[in-house]
Amino acid sequence: MKKAIALVLSLILCACTLTACGEDTKGEGVMTYAEYVAAPTDSQVVVETYVQATRSWWDGKITIYSQDKDGAYFLYDISCSEEDAKKLVPGTKIKVTGMKTEWEGEVEIAAQDELNPATFEIEDGNYVAEALDVTSMLGTAELDKHQNEFVSFKGVTIEASTDADGNEAPFLYNWDGSGEEGSDLYFNISANGQTYTVLIQRYLCDPTTDVYQTAKTLQIGDTVDLEGFLYWYNGANPHITKITIK
Amino acid sequence: MKKYLLFICILVCSLLTLSGCHGSAGLPQFEVPEEFDTGKNYEITFWAKNDTNKAQTNVYKKAIADFEALYPNIKVNMRLYTDYGRIYNDVITNISTKTTPNVCITYPDHIATYMTGVNIVAPLDEIMLDPKYGLAGSDIKFDAPTIDEIVPEYLNECRIRDHYYALPYMRSTEALYINEDFVNALGYEIPEVVTWDFIFEVSEKAMAKNNDGNYLLNNQKVMIPFIYKSTDNMMISYLKQANGGYSTSDGKIEIFNDTTSDFLKEVSIHAASGAFSTFKISSYPANFLNAGQSVFAIDSTAGATWMGSKAPNSDISAEDIIDFNTVVRPIPQVDPNNLKMISQGPSVCIFNKEDPQEVLASWLFTQYLLTNDIQIGYSQTEGYTPVTLKARKSSEYDEYLSLSGTDDKVHYEVKMEATRLLLENTDNTFVTPVFNGSASLRDAAGTLIEYVTKSARRGITVDDSFLSNAYKDIESLHKLDQLNTNTQEKKELGELPSTSVTLITILIVVWCGLIAIFILSKLKEKKQK
């Protein structure tokens with residue numbers, strides 16, 4: 001009998017643990033992802049989310065690519081000390097208070113205004129998202145639903161980029177080729193008959209990173225797998241963090 | 001004897017301690033070498049800024065290659081930025097590590113902050129007039145402009161506390177880019193000079209919607225009739241036009257005044273209705289103008305290649321661009337008969353180094369940036385104007401202007417109109433006073449507009465009480481209440497306060513007394529022996 005009870009209790013414990021793992025319990029006054037999506041722009045939001053990557057800290061602010069199990073939140077110029085910025089490693093759980101805004105189609109959380117910056121506090125918890133394969137969604141409205149998420153594109157082709165002088169190249173420093181090593185690095189990919197411009201954002205992945213160095217070896221016609229964050233600028237404009245040349 | 005030595009040592013130490021109170025010596029003051037040492041190689045760094053415009057990068061690269069061909073012992077390493085703020089922050093960081101660049105594109109406001117250190121920025125008064133290496137000097141290997149061939153207003157902008165610390169490089173102003181079709185559709189004609197009253201009136205009229213919730217004017221869901229890129233400039237320009245206070249030349253802050261309040265209340269009304277917004281809130285004015293989602297867009301003349309249906313540069317897809325006639329006008333004015341528009345655009349400063357030869361090499365390159373090829377070449381990339389009369393009066397520049405509208409690239413009509421606007425209004429441009437902290441004041445000016453606009457959009461009433469609190473918070477946010485005007489330059493401080501005079505007199509008397517007692521006691525000792 002004791003063994004049976006012990007077994008039942010163990011099963012209940014396991015079930016509870018699994019449930020807890022599957023759901024992301026939100027603290028009091030914190031929005032679920034669905035509530036965040038439904039919130040109007042220019043309204044104050046409070047979310048709990050997990051850091052997936054950060055841009056380099058600058059001038060008392062940091063920009064964070066974050067995600068929970070339900071969706072992603074792009075956190076733009078969040079007030080942050082240089083010391084706290086070091087704590088924002090991938091997986092770190094944070095509670096963020098700010099204003100939901102939209103900039104050229106990119107939905108983000110930012111400062112309410114000049115006197116009320118967006119803020120965060122670190123909480124207990126850890127989650128690192130797996131890259132969602134969105135290759136089949138390219139060119140469809142479905143892609144929009146995964147804005148800012150950590151995603152992958154499999155077997156896409158490198159297309160020529162054309163600089164402001166009309167020269168073709170596999171990649172450009174800045175959108176028109178006006179930059180140099182250290183600038184944002186842009187390249188075009190095609191899949192499902194559509195061409196997209198993606199970039200290595202210099203403050204997310206600087207020239208010392210593998211992805212930046214790999215991008216410099218790209219050739220037109222290469223087949224590649226990509227991982228990155230589904231950033232938006234007048235349409236999908238992913239920020240790439242990993243390139244695997246096939 | 002030992003006592004004498006001890007006394008002298010104490011005296012010397014005291015003097016050294018006192019002299020130490022005046023701060024670290026820093027770099028030696030730059031003095032122009034008699035000869036440029038061509039037998040030694042110099043490597044100089046040039047921090048440049050472009051508007052994410054490849055044509056500008058090409059001009060810089062060609063300038064460097066041509067210069068290096070003339071001076072084979074000078075190598076110029078360029079680092080490109082697309083943001084003045086980043087340059088400013090990087091310079092500040094590098095001042096502390098003594099790794100400033102040699103030559104740097106910058107704004108006078110920023111230079112005033114760099115000058116907080118000792119001999120950080122090289123003064124140019126002496127070298128500009130040097131017979132050999134000065135502007136168009138006898139030993140210069142290229143056709144440089146003389147000092148009289150630099151537009152005087154622009155050269156003056158580089159004068160900080162009675163000394164030149166930069167040379168102008170390019171100049172632009174702001175322009176009002178208008179969708180003429182929309183203005184006409186609303187029943188108006190565009191006047192030669194648009195007033196603030198006119199722009200707000202037409203903008204409100206553009207907010208009318210049909211039964212579907214679309215705007216009547218464009219039959220779209222989005223319409224921001226009036227959008228301003230630089231809200232710093234918006235506030236500053238209005239205050240200049242309305243004779244409202246901004247700051248005095250020596251750094252007294254005057255921006256928080258009734259004229260400012262009246263304007264902010266007006267802005268808040270149109271922000272609340274949605275008739276006005278800013279770049280920071282909504283995005284690039286050009287994107288809205290070109291998509292038929294704006295009537296009035298204010299941006300730099302150096303952004304003219306992005307404005308209009310046929311703009312050579314665009315951030316939005318071709319199918320989103322509508323066809324319309326673009327008219328270029330001065331920014332809105334308070335008094336149409338007394339135009340005021342801001343003078344902006346990059347200048348070039350030179351950082352001081354241990355080796356004056358290195359500074360001279362930097363000066364030679366800086367001077368090269370004022371030659372006609374560079375001035376005309378760079379000005380053609382956007383709605384910039386050359387800063388030298390030598391370039392402006394050249395046949396090459398005349399030809400460039402005469403070909404306005406003949407193509408949609410180099411001679412793109414909107415860009416050429418923007419250029420003409422500045423050429424014809426050089427006398428109507430102004431700059432704000434430069435002092436240590438003027439960059440913060442400029443930020444505060446923009447913050448006022450942004451804060452009021454965002455608050456009004458959220459339904460908050462912008463009244464005197466709101467503004468009174470905002471002024472206090474913004475003054476604190478930008479540390480305007482802690483401005484320190486210490487600089488590398490000696491400042492005229494006027495007469496010492498009487499308490500200081502008394503204290504110093506007492507100190508002198510006490511020291512003299514002590515020395516006298518000491519000497520007398522020694523003499524007495526000698527006599528006794």
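The values are calculated or read from the model by the stated rules, or taken from the named source; none is laboratory data. Bear in mind that the values here come from a model prediction, so they are computed numbers and not experimental data. So basically every Cβ, Gly included, is an ideal-geometry build from the backbone, and we count neighbours across all protein chains shown.
For the stretch B:40-72, the set of residues classified as part of a loop (DSSP other than H, G, I, E, B) and over 24 Å from B:VAL359 (Cβ atoms) consists of B:ASN50, B:ASP51, B:THR52, B:ASN53, listed by residue number. Only one of the listed residues (B:LYS98, B:LYS132, B:LYS75) is part of a loop (DSSP other than H, G, I, E, B), modelled with pLDDT of 95 or more and surrounded by fewer than 16 Cβ atoms within 10 Å (Cβ to Cβ). That residue is B:LYS132. The residue of the stretch A:188-214 that is farthest from A:GLY139 (Cα to Cα), among those that are small (Gly, Ala, Ser) and either surrounded by 18 or more Cβ atoms within 10 Å (Cβ to Cβ) or touching a strand residue (DSSP E or B) at 6+ places or on another chain (Cβ under 6 Å) (or both), is A:SER190. Residues of the stretch B:292-316 that are part of a loop (DSSP other than H, G, I, E, B), surrounded by fewer than 24 Cβ atoms within 10 Å (Cβ to Cβ) and either away from every other protein chain (no Cβ under 14 Å) or without any contact (Cβ under 8 Å) to a residue 60 or more places away in the chain (or both): B:GLY292, B:SER309, B:LYS310, B:SER314, B:ASP315, B:ILE316.
Can you find a residue in the stretch B:359-368 that is in a strand (DSSP E or B) and closer than 28 Å to B:ILE160 by Cβ? No; the residues of the stretch B:359-368 include none that is in a strand (DSSP E or B) and closer than 28 Å to B:ILE160 by Cβ.
Consider the stretch A:15-33. How many of its residues are modelled with pLDDT of 95 or more, outside any loop (DSSP other than H, G, I, E, B) and closer than 12 Å to A:LYS69 by Cβ? The total comes to 1. For B:PHE142, the conditions (1) touching a Gly at 6+ places or on another chain (Cβ under 6 Å); (2) farther than 17 Å from B:THR45 by Cα; (3) of a type outside the set (S, T, N, Q) are fulfilled apart from (1). Within the stretch B:78-95, if we keep just the residues that are more than 16 Å from the chain's Cα centre (by Cα) and either hydrophobic (A, V, I, L, M, F, W, C) or buried (at least 22 other Cβ atoms within 10 Å of the Cβ) (or both), the residue that is farthest from the other protein chains (Cβ to nearest Cβ) turns out to be B:ILE95. Residues in the stretch A:58-82 that are away from chain B (no Cβ under 14 Å), assigned to a loop (DSSP other than H, G, I, E, B) and in contact with a helix residue (DSSP H, G or I) (Cβ under 9 Å, 6 or more places away or on another chain): A:ASP68, A:LYS69, A:ASP70, A:GLY71. From the set of residues in the stretch B:438-479 that are touching an Asp or Glu at 6+ places or on another chain (Cβ under 8 Å) and in a loop (DSSP other than H, G, I, E, B), which is nearest to the other protein chains (Cβ to nearest Cβ)? It comes out as B:ARG458. I'd like to check something: does the stretch B:415-422 contain any residue that is within 26 Å of the chain's Cα centre (by Cα), within 25 Å of B:ILE178 (Cα to Cα) and surrounded by fewer than 21 Cβ atoms within 10 Å (Cβ to Cβ)? Within the stretch B:415-422 (the criterion being within 26 Å of the chain's Cα centre (by Cα), within 25 Å of B:ILE178 (Cα to Cα) and surrounded by fewer than 21 Cβ atoms within 10 Å (Cβ to Cβ)), the answer is yes, since at least one residue qualifies.
Filtering the stretch B:62-72 to residues that are surrounded by 15 or more Cβ atoms within 10 Å (Cβ to Cβ) and either within 14 Å of chain A (Cβ to nearest Cβ) or under 27 Å from the mean Cα position of the chain (by Cα) (or both) leaves B:ALA63, B:ILE64, B:PHE67. Is one or more of the residues making up the stretch B:235-251 within 14 Å of chain A (Cβ to nearest Cβ), β-branched (Val, Ile, Thr) and closer than 22 Å to B:GLY383 by Cβ? Within the stretch B:235-251 (the criterion being within 14 Å of chain A (Cβ to nearest Cβ), β-branched (Val, Ile, Thr) and closer than 22 Å to B:GLY383 by Cβ), the answer is no, since none of the residues qualifies.
Just one residue in the set B:ILE178, B:ILE160 is among the β-branched types (Val, Ile, Thr) and assigned by TED's automatic domain parsing to the domain that holds B:GLU382; that residue is B:ILE160. Looking only at the stretch A:197-246, which residues are farther than 26 Å from A:TRP103 by Cβ and polar (S, T, N, Q)? Matches in the stretch A:197-246: A:THR208, A:GLN213, A:THR214, A:THR217, A:GLN219, A:THR223, A:THR244. Inside the stretch B:78-92, residues that are of a type in the set (Phe, Trp, Tyr) and either touching a residue at least 40 places away in the same chain (Cβ under 8 Å) or assigned to a helix (DSSP H, G or I) (or both) make up a count of 2. Checking each residue of the stretch A:96-105 against the condition of being in contact (Cβ under 8 Å) with a residue 60 or more places away in the chain and more than 17 Å from the chain's Cα centre (by Cα) gives no match. Filtering the stretch B:379-437 to residues that are within 30 Å of B:GLY245 (Cα to Cα), of a type in the set (A, V, I, L, M) and not in a helix (DSSP H, G or I) leaves B:VAL387, B:VAL431, B:VAL434.
Taking the criterion of being assigned to a helix (DSSP H, G or I) and either under 16 Å from B:VAL334 (Cα atoms) or of a type outside the set (Ser, Thr, Tyr) (or both), the residues of the stretch B:197-218 that qualify are B:ASP197, B:PHE198, B:ILE199, B:PHE200, B:GLU201, B:VAL202, B:GLU204, B:LYS205. Among the conditions (1) at pLDDT below 95; (2) polar (S, T, N, Q); (3) exposed (fewer than 14 other Cβ atoms within 10 Å of the Cβ), A:THR217 misses just one, which is (1).
Candidates in the stretch B:37-61 are the residues that are at pLDDT 95 or above, under 16 Å from B:ARG79 (Cβ atoms) and surrounded by fewer than 21 Cβ atoms within 10 Å (Cβ to Cβ); of these, the one that is nearest to the other protein chains (Cβ to nearest Cβ) is B:LYS61.
Table: residues versus (1) within 14 Å of chain B (Cβ to nearest Cβ); (2) of a type in the set (Ser, Thr, Tyr).
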| residue | (1), (2) |
| --- | --- |
| A:SER56 | yes, yes |
| A:ASP84 | no, no |
| A:ALA110 | yes, no |
| A:GLU123 | no, no |
| A:ASN126 | no, no |
| A:VAL134 | no, no |
| A:GLY139 | no, no |
| A:ASN148 | no, no |
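Take the residues in the stretch B:281-291 that are within 14 Å of chain A (Cβ to nearest Cβ) and of a type in the set (A, V, I, L, M); name whichever of them is farthest from the chain's Cα centre (by Cα). Only one residue fits best here, namely B:ALA291. All conditions in (1) closer than 28 Å to B:GLU382 by Cβ; (2) at pLDDT below 95 hold for A:TYR186, with the sole exception of (2). Answer yes or no as to whether B:ASP162 is modelled with pLDDT of 95 or more and either more than 14 Å from every other protein chain (Cβ to nearest Cβ) or crowded, with 16+ Cβ neighbours inside 10 Å (or both). No. Just give me the residues in the stretch A:75-123 being among the polar types (S, T, N, Q), buried (at least 18 other Cβ atoms within 10 Å of the Cβ) and touching a Gly at 6+ places or on another chain (Cβ under 9 Å), in sequence order. Of everything in the stretch A:75-123, those that are among the polar types (S, T, N, Q), buried (at least 18 other Cβ atoms within 10 Å of the Cβ) and touching a Gly at 6+ places or on another chain (Cβ under 9 Å) turn out to be A:THR92, A:GLN112. Scanning the stretch B:163-196 for residues that are under 29 Å from the mean Cα position of the chain (by Cα), part of a strand (DSSP E or B) and over 30 Å from B:ASN372 (Cα atoms) yields B:ILE178, B:THR195.
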